[in-house]
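This report refers to the structure that appears directly beneath it.
The values are calculated or read from the model by the stated rules, or taken from the named source; none is laboratory data. Keep in mind that what you see is a predicted model, and the values were worked out from it rather than measured. Note that each Cβ is placed from the backbone with ideal geometry, even for glycine, and that neighbours are counted across all protein chains shown. Areas reflect the complete protein model, heavy atoms only, side chains present, ligands, DNA and RNA absent. Shrake-Rupley method; radii C 1.70, N 1.55, O 1.52, S 1.80 Å.
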Amino acid sequence: MTTETAQGTAAAAPAGGAIRAYLTGHLREYGLLIALVAIMAFFQVLTDGTLLRPVNITNLFLQNSYIIIMALGMLIVIVGGNIDLSVGSVLGFVGALAAVMIVNWQMPVWVTVLACLLTGIVIGAAQGYWVAYWGIPSFIVTLAGMLVFRGASLWLLEGQSIGPFPTEFQRLSTGFVPDLLPWLGEPLAALAGARRVNGLTMAVAALASGAILWLGLRARARDRAYGMELEPTAFFVLRNAIVIGAILFLSWKLATFRGLPNVLVTMAVLTLVYAFITERTTLGRRIYALGGNRKAAALSGIPTERLTFLTFVNMGFLAALAGLIYAARLNVATPKAGFALELDVIAAVFIGGASMSGGVGRVVGAVVGAFIMGVMNNGMSIMGIGIDYQQVIKGLVLLAAVIFDVYNKRKQA
Amino acid sequence: MKPLLQMRGITKTFPGVRALDGVNLTVHAGEIHALVGENGAGKSTLMKVLSGVYPHGSYDGEILFDGAPVAFRSVRDSEEKGIIIIHQELALVPLLSIAENIFLGNECARGGVISWRETWARTEALLAKVGLDEAPQTPVERLGVGKQQLVEIAKALSRRVRLLILDEPTAALSEADSEKLLDLLLELRAQGVTSIIISHKLNEVRRVADRVTVLRDGATVASHDARAETLTEDMIVRDMVGRPMENRYPPREGRQAGEVLMEVRDWRVAHPEHAERIVVRDVSLRLRAGEVVGIAGLMGAGRTELAMSLFGESWGRKLAGEALIEGRPADISRVDRAIASGLAYVTEDRKELGLVLDEPITFNVTLANLAGVSRRGVLSPREESRVAERYREAMVIRTPGVHQKVVNLSGGNQQKVVLSKWLFADPRVLILDEPTRGIDVGAKYEIYTIINRLAAEGRGILMISSEMPELLGMCDRIYVMCEGTVVGELSADEASQERIMSLIVKHRRQAA
Ligand SMILES: Nc1ncnc2c1ncn2[C@@H]1O[C@H](COP(=O)(O)OP(=O)(O)OP(=O)(O)O)[C@@H](O)[C@H]1O
Ligand SMILES: [Mg+2]
């Protein structure tokens, strides 16, 4: 270990030292981004370019949407110092309920959707109640929930698969946003020599890129004004180039296929909302305080019990939403739906940098973590790697990510 | 006499901070060596370097132990040489027994099978040595901090200790327990154990230290031989803060007792688990605007329990009693309601109850008053920085920036963050529980000044402290508590250490 490099006050240190010091402090965040890019490049090569084909990219989003949606809720539960093992079963149960209501009982789709979301909220509340107000460890409560709802969906479906769903319901997941801006797509298509380009997709991508850049610059200006630790310019440029490049690249692929999938929009909106809640609102702040030190939070006037309860309610809601999307995508509800899915969700959150002890973790991290898992799943399936090896590899990646975290922390001490 | 330990030119940096800058320290065999300095001067860091918490290679400089250079890669390495450190925060396993804690990682076992008879016998011998009258099987969580401290020392003694390092061992102890601990150190010295003690209580330093080394801003500024020269507290203070300090307590000017701000009537609280144990017994108090009122008592008198149960019933089960704020009954049955009624409670246990350690200063300072840095539930990072910056200046928090995680601050500076948090909540009644624990003399003076200013603004301050001189120096009135009840009330003119003690002794005698 060389101490010379990390020495001196930040101001006095030579530029190289400052960059290195910054990097040690933020290795985790860059590491995650780099890992995602590297894994994508890796599978792009190994699958002979199949990974980034327009149809597969669309698929990638569809396949991972429910994991990402649940990861948002799971991140909050984990930041709050708990865990929810029941989400896979709840997802399956809600899908089963939807199938029974729509297919067997012929209920209208919108009624079913509302009822299912409400069911998710009730399930979350029921589990959260025991955790929050009775102090029963969430591991146990949700382990029970996992068994209960797995059994309940078996019972609901009477051991059968129920489907198919009406197209109206399927659109939840496999539908695409209609191209509202065809006049934008046509010249683009002509320019690039593509068969067709979805104008809306490219417009959204351009807007998103602009917003990312603008927000990034604004935050940077604020950091500078308030003397916060500043990301070195090279890193800022590089990071934004990668992110914006990826957005434009993926959007282009989507645009030349069928445009924006509905779930992508749902997912993006939810991600933004939850990122905002966790990072910029008092509610989010309180959840971090709750997970970081429950007693200190309580003595600061934070209603820790109610907050814990709400994190589970929210998780139930998102698990139900994911359940609807999942069922709509498979177009059938099966008793095994969502089996062991909670593990993928939890793994995504931990790969994304959350800590088992609570108080640590970011929404963006969880989403990237979910994509890392998703790309691996997808890539390995394309390559025809057996489910046995897939599990082993995913397990090792999870372990590696957490080891990396711990190692990093030690090095900083 | 040949030196047992020499540390030469020790330099240790953290990102953005040079915690130690060429520190020298020489400790001779058989002496008690005191290490003093302001909060953040680098005392704990120096001891962590010495004991291998920061491994060789992560700092510059050299360490000679017994004249030979050493390079510890971990705490185990230093323990092997007989260097044992007892950290600022205790590290016992609460659910294990005294004996199990003492021999943790060092069990009296043959082939992996623990011999309980031997363990207990050896524990008894060790406990006798440190003067702790408890059964070896007692779970540690049942002991008070003072006794836990003794268990830590017994644990150190079980390991053939040559150099014992105590980082602020008496900060959390009552005066009687501190006395006992210091006596023990003197006794150990007689048996040939060398020790280094870090403390902000300079009277204790004077009492036991043979040599005093003063650190300031990460550098050694003086090393006094207490046996050769007559060392006064003022001399030490001058070295610590870099200028002479006239008074320990600021003048109480501009303070004027006004209307009664808070009144507590017949407050009675039971232990949270043992319902039959009444811990606070029919306490009644009054606090006027502009007053600083002390609550004196020994450890276990129920002062913290009273304070915490007043603050949103955060401790125990309230059985009876009524609280009035500005003459009206106030609902203080939950913390948020207590805060809304104008109460604040600065805890004595900053790590467990006061701070979210892994979060920055900004986060912690604003936690009890998020409304003050947000609009319609949306936080303003600008405001947060501004607020934190303001308190950093007002409280002289030593840190490279307000975005530093509080876990990286020195103990005393963490305490200032907790205080800042509650000042920002803008309370009318401030309950301070050991507000200057672990704080250096200079910073104490600053905190006293702030307390006086808050009182002059018309707030009421209830101050719990185990340091009687502090209460005597600061308070307009002092309640004396013993075994959960108020056994007396003294005005500033009447109050003295003797009067307070005699009230307590009288109560005990009557109870017995
Ligand atoms: N892990 C760390 N990361 C960054 N800075 C640190 C870390 N540990 C200590 N520091 C800084 O090093 C300096 C010295 O800290 P140290 O804990 O040694 O002080 P101290 O003399 O023990 O103070 P106190 O009397 O308050 O306990 C402080 O400015 C502190 O903020
Ligand atoms: Mg210290």
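For the range B:90-102, which residues satisfy the criterion of being exposed (fewer than 15 other Cβ atoms within 10 Å of the Cβ) and either within 14 Å of chain A (Cβ to nearest Cβ) or within 16 Å of ligand 2 (Cβ to nearest atom) (or both)? The one that is exposed (fewer than 15 other Cβ atoms within 10 Å of the Cβ) and either within 14 Å of chain A (Cβ to nearest Cβ) or within 16 Å of ligand 2 (Cβ to nearest atom) (or both): B:Ala91. Listed conditions (1) open to solvent by less than 10 Å² (accessible area, probe 1.4 Å); (2) over 15 Å from the mean Cα position of the chain (by Cα); (3) closer than 24 Å to B:Val356 by Cβ are all met by A:Met315, apart from (2). Residues of the range B:157-192 that are assigned to a loop (DSSP other than H, G, I, E, B), at pLDDT below 90 and farther than 28 Å from B:Gly412 by Cα: B:Ser158, B:Arg159, B:Arg160, B:Val161, B:Gln191, B:Gly192.
Scanning the range B:20-37 for residues being more than 14 Å from chain A (Cβ to nearest Cβ) and within 11 Å of ligand 1 (Cβ to nearest atom) gives a total of 4. Scanning the range B:382-394 for residues that are facing chain A (nearest Cβ under 10 Å) and touching a residue at least 12 places away in the same chain (Cβ under 8 Å), we see that the one that is nearest to A:Arg280 (Cα to Cα) is B:Glu384.
Could you please give the count of residues in the range B:166-204 that are open to solvent by 30 Å² or more (accessible area, probe 1.4 Å), closer than 23 Å to B:Met468 by Cα and more than 16 Å from ligand 1 (Cβ to nearest atom)? Residues that pass the stated criteria total 7. Scanning the range B:325-346 for residues that are under 17 Å from A:Glu305 (Cβ atoms) and in a loop (DSSP other than H, G, I, E, B) returns B:Ser333, B:Arg334. Taking the range B:334-359 as the range and being open to solvent by less than 40 Å² (accessible area, probe 1.4 Å), more than 8 Å from chain A (Cβ to nearest Cβ) and modelled with pLDDT of 90 or more as the test, the residues that pass are B:Ser341, B:Gly342, B:Leu343, B:Ala344, B:Val346. If I filter the range B:395-443 down to residues being within 11 Å of chain A (Cβ to nearest Cβ) and within 15 Å of ligand 2 (Cβ to nearest atom), which single residue comes out as surrounded by the most Cβ atoms within 10 Å (Cβ to Cβ)? So the residue we want is B:Val406. A:Val273 meets the conditions (1) more than 14 Å from chain B (Cβ to nearest Cβ); (2) among the aliphatic types (A, V, I, L, M); (3) surrounded by fewer than 20 Cβ atoms within 10 Å (Cβ to Cβ) in every case but one. The failed one is (1). Can A:Gly8 be described as at positive phi and either at pLDDT 85 or above or within 14 Å of chain B (Cβ to nearest Cβ) (or both)? Judged against the criteria, A:Gly8 is a match.
Let's see how each residue does on (1) within 14 Å of chain A (Cβ to nearest Cβ); (2) touching an Asp or Glu at 6+ places or on another chain (Cβ under 7 Å); (3) surrounded by fewer than 20 Cβ atoms within 10 Å (Cβ to Cβ):
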{"position": "B:Arg18", "(1), (2), (3)": "yes, no, yes"}
{"position": "B:Asn39", "(1), (2), (3)": "no, yes, no"}
{"position": "B:Lys43", "(1), (2), (3)": "no, no, no"}
{"position": "B:Val53", "(1), (2), (3)": "yes, no, yes"}
{"position": "B:Asp60", "(1), (2), (3)": "yes, no, yes"}
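When restricted to residues that are closer than 12 Å to B:Leu92 by Cα and open to solvent by 40 Å² or more (accessible area, probe 1.4 Å), the range B:145-160 contains 2. Taken as a whole, the structure leaves A:Asp48 outside the set of residues that are in contact with a Gly (Cβ under 9 Å, 6 or more places away or on another chain) and either open to solvent by 30 Å² or more (accessible area, probe 1.4 Å) or in a loop (DSSP other than H, G, I, E, B) (or both). Of all residues in the range A:354-376, those that are modelled with pLDDT under 90 and open to solvent by 30 Å² or more (accessible area, probe 1.4 Å) total 2. The condition (being among the charged types (D, E, K, R), assigned to a strand (DSSP E or B) and touching a residue at least 24 places away in the same chain (Cβ under 8 Å)) is satisfied by just one residue among B:Glu305, B:Glu322: B:Glu322. Of the residues making up the range B:127-144, those that are open to solvent by 10 Å² or more (accessible area, probe 1.4 Å) and more than 26 Å from the chain's Cα centre (by Cα) number 3.
Answer yes or no: is there a residue in the range B:367-377 that is open to solvent by 30 Å² or more (accessible area, probe 1.4 Å) and more than 13 Å from chain A (Cβ to nearest Cβ). Among the residues of the range B:367-377, not one is open to solvent by 30 Å² or more (accessible area, probe 1.4 Å) and more than 13 Å from chain A (Cβ to nearest Cβ), which makes the answer no. Kindly check whether there is at least one residue in the range B:67-89 that is open to solvent by less than 10 Å² (accessible area, probe 1.4 Å), of a type in the set (Gly, Ala, Ser) and away from ligand 1 (no atom under 16 Å from the Cβ). Among the residues of the range B:67-89, at least one is open to solvent by less than 10 Å² (accessible area, probe 1.4 Å), of a type in the set (Gly, Ala, Ser) and away from ligand 1 (no atom under 16 Å from the Cβ), which makes the answer yes. Remark: pairs (first residue in the range A:144-158, assigned by TED's automatic domain parsing to the domain that holds A:Pro335 and more than 17 Å from A:Met101 (Cβ to Cβ); second residue assigned to a helix (DSSP H, G or I) and of a type in the set (D, E, K, R); Cβ separation under 9 Å; 6+ apart in sequence or on different chains) = A:Met146/A:Glu342. If a residue must be over 18 Å from the mean Cα position of the chain (by Cα) and in a helix (DSSP H, G or I), how many such residues does the range A:62-93 contain? Going through the range A:62-93 one residue at a time, the tally reaches 3.
Looking only at the range B:466-487, decide whether some residue is closer than 17 Å to B:Gly354 by Cα and either within 16 Å of ligand 2 (Cβ to nearest atom) or in the same structural domain as B:Ser502 (by TED's automatic domain parsing) (or both).
No, the range B:466-487 has no match at all.
Filtering the range B:20-37 to residues that are within 14 Å of ligand 2 (Cβ to nearest atom) and open to solvent by 10 Å² or more (accessible area, probe 1.4 Å) leaves nothing.
The condition of being outside the structural domain of B:Gly297 (by TED's automatic domain parsing), under 22 Å from B:Arg207 (Cβ atoms) and β-branched (Val, Ile, Thr) holds for only one of B:Val145, B:Val140, B:Val113, B:Val151, that being B:Val145.
The number of residues in the range B:212-254 that are in a strand (DSSP E or B) and either touching a helix residue (DSSP H, G or I) at 6+ places or on another chain (Cβ under 9 Å) or acidic (Asp, Glu) (or both) comes to 8.
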